[in-house]
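What follows is one structure encoded as structure tokens, with my remarks underneath.
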Amino acid sequence: MQDRHLFEYAVIRLVPRVEREEFLNVGVILYCKSLRFLEMTMTIDPNRLLAFAPDLDLKVVEQNLQAFARICAGGKDGGPIGQQLIADRFRWITAMRSTILQTSRVHPGFCTNPQLALERLHRELVL
């Protein structure tokens, strides 16, 4: 039997009007230290998002989510944060903020394959 690995994840939330504290889940980020894994998934459903917030700028939302993805991938495309250690990048993305894109608290879990765990969480929490 394969070893199970501890992972941490957070749900990425779209909060169009921060003062109302209403949100839709649009993605998941998953970090597994032992496997040096940091990836995110996202779903931008224009119909759903615009029904929730008709004045939402979908292009800005997508650009910001793509920035998260570049930071997860690491390297120069992720800017200064993308060049940090993998754990630092995860902590930066999941830090509390009061913006249109926020993350849930970080939750732990165990998996044998972090990619499959990420896909499962995305199906259960976003789709």
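The values are calculated or read from the model by the stated rules, or taken from the named source; none is laboratory data. This one's a predicted model, so the numbers in the text were calculated from it and none came from an experiment. Note: ideal-geometry Cβ built from the backbone for every residue, glycine included; neighbour counts use all protein chains shown.
Things worth noting here:
- Residues that are over 10 Å from the mean Cα position of the chain (by Cα) and among the polar types (S, T, N, Q) within region 13-65 comprise Ser34, Thr43, Asn47, Gln63, Asn64, listed in sequence order.
- Residue in region 112-126 that is over 26 Å from Asp3 (Cα atoms), touching a helix residue (DSSP H, G or I) at 6+ places or on another chain (Cβ under 7 Å) and either modelled with pLDDT of 95 or more or not charged (D, E, K, R) (or both) present: no
- Subset tally (residues that are within 17 Å of Gln102 (Cα to Cα) and touching a residue at least 24 places away in the same chain (Cβ under 8 Å)) for region 23-59: 18
- The residues of region 91-124 that are hydrophobic (A, V, I, L, M, F, W, C) and either outside any helix (DSSP H, G or I) or buried (at least 18 other Cβ atoms within 10 Å of the Cβ) (or both), listed by number, are Ile93, Ala95, Met96, Ile100, Leu101, Val106, Phe110, Cys111, Ala117, Leu118, Leu121.
- The set of residues in region 71-102 that are in contact (Cβ under 8 Å) with a residue 60 or more places away in the chain and touching a Phe, Trp or Tyr at 6+ places or on another chain (Cβ under 9 Å) comprises Phe90, Ile93, Thr94, Leu101, Gln102.
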